[in-house]
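The values are calculated or read from the model by the stated rules, or taken from the named source; none is laboratory data. The structure presented is a predicted model; accordingly, all values stated were derived computationally and were not measured. Cβ placement follows ideal geometry from the backbone for every residue including glycine, while neighbour counts extend to all protein chains displayed.
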Amino acid sequence: MARVNFDHVYKIFGEDVYAVNDLSLDIQDGEFLVLVGPSGCGKSTALRCLAGLEDISRGHIYIGERDVTYLDPKDRDIAMVFQSYALYPHMSVRDNMGFSLNLRGASKADIKASVDRAAQILGLEDLLDRKPRELSGGQRQRVALGRAIVREPQAFLMDEPLSNLDAKLRVQTRAEITSLQRRLGVTTIYVTHDQIEAMTMGDRIAVMSAGVLQQLDTPQNLYDKPKNQFVATFIGSPSMNIFPATVVQNNGTAAIQGGENFSLTLPDAVKGLILDHKDEQINVGIRPEDIEVVQYAERADDDNTLRLPVRLVEPLGSEIMLHLEGPGEEPIVARVDPRVQLKGGDVAHVAFNTDKLHAFNPATEEALV
Ligand SMILES: Nc1ncnc2c1ncn2[C@@H]1O[C@H](COP(=O)(O)OP(=O)(O)O)[C@@H](O)[C@H]1O
Ligand SMILES: [Mg+2]
């Protein structure tokens, strides 16, 4: 086990495709780090650089104290698990799992002991004599994990390992991988485009966009204190609402105004942060759960209630998504009590929890802190 370090790593394809753009990441020994971002943002490339499957254009990569930048994949002492399980079809589960130890010249007895131990950890004992085609997708993925475990590598690298599983199995396997990683304590770098996977699995999450690291933080900090609009809207579902509003100040009260009938008074905690932007337009952010229908609100503060036309109602059983007319083009989505009885065309009386407002510079999209 070891820490893993990306030190100003670039991967440039051709002249100007910066798939990985100045990535620096320090992953602690035993940490579960999730690399998340939309398709094409450079996650797989970053992982392939770490594995040695791509030569990097600039920078250095360290595993433990070793600079592995110029080492072959086989000398990096890592194990990779892919979306496609990449099992050998003609070999039994046992032989698939023991393959790398066999290559290393381990004794038959040692291989058997390692494979049996991994099989027990993963509940694969009864499947060791089967061929991959005789297994379900979930079982194949577990064999792929088993193959990684028997190598006792310095780090596990996983690239969207759950993508081929159906929704239910994905949730189950997600929990299995998390608890397995905690038990084994092996440094793990896990790539996914799925923010829920990232939030539920990672000790820390690195959010990438267009090759650039946007924020590296714990799940809760990413959610509560996103550094920019990209992170704010990427993490959380439904996304944080973003709308334009002007910062105004009268007689010591500060407010944001999104239009004639859209004004919210700012509490002290938020006020200090954005008064520098008095009379300017900013982007305001608020999460769907921080807007309530007044009748059902635990707190009703008259200063922060608005009457907004309802565009659409999405009932989800345990909650309702209300799409409200806001100052911007996009509706403002509120996640509200399922007892709320509103329909498209009604006017909703809603309370904004202004303690939870976010504000962004509309030009740079950086959080105004
Ligand atoms: N071998 C390659 N040659 C040229 N461009 C590539 C190659 N591999 C990846 N890219 C480009 O690099 C970017 C990042 O790709 P990738 O790392 O696969 O993204 P992700 O895994 O986040 O979906 C994309 O724009 C992709 O088209
Ligand atoms: Mg990928």
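Quick one: which residue in 144, 118, 148, 106 is of a type in the set (Gly, Ala, Ser) and either outside any helix (DSSP H, G or I) or surrounded by fewer than 18 Cβ atoms within 10 Å (Cβ to Cβ) (or both)?
106
Would you mind finding the one in 136, 179 that is more than 17 Å from the chain's Cα centre (by Cα), farther than 22 Å from residue 36 by Cα and of a type outside the set (Val, Ile, Thr)?
Checking each option against the conditions leaves just 136.
Each row is one residue, and each column tells you yes or no for (1) under 26 Å from residue 306 (Cα atoms); (2) aliphatic (A, V, I, L, M); (3) modelled with pLDDT under 95; (4) assigned to a loop (DSSP other than H, G, I, E, B).
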{"residue": "191", "(1), (2), (3), (4)": "no, yes, no, no"}
{"residue": "232", "(1), (2), (3), (4)": "yes, yes, no, no"}
{"residue": "257", "(1), (2), (3), (4)": "yes, no, yes, no"}
{"residue": "270", "(1), (2), (3), (4)": "yes, yes, yes, no"}
{"residue": "275", "(1), (2), (3), (4)": "yes, yes, yes, no"}
{"residue": "282", "(1), (2), (3), (4)": "yes, yes, yes, no"}
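Take the residues in region 1-46 that are among the aromatic types (Phe, Trp, Tyr) and touching a Leu at 6+ places or on another chain (Cβ under 9 Å), then tell me which one is nearest to ligand 1 (Cβ to nearest atom).
Here the answer is 10.
Can you tell me which residue is surrounded by the fewest Cβ atoms within 10 Å (Cβ to Cβ) among those in region 49-72 that are without any contact (Cβ under 8 Å) to a residue 40 or more places away in the chain and within 16 Å of ligand 1 (Cβ to nearest atom)?
Among them, the one singled out is 55.
Looking only at region 22-43, how many residues end up being within 16 Å of ligand 2 (Cβ to nearest atom) and surrounded by fewer than 20 Cβ atoms within 10 Å (Cβ to Cβ)?
3
Count, please, the residues in region 346-360 that happen to be at pLDDT 95 or above and assigned to a loop (DSSP other than H, G, I, E, B).
So the count comes out to 1.
For region 315-351: of the residues being on the phi < 0 side of the Ramachandran plot and of a type in the set (Gly, Ala, Ser), which is nearest to the chain's Cα centre (by Cα)?
334
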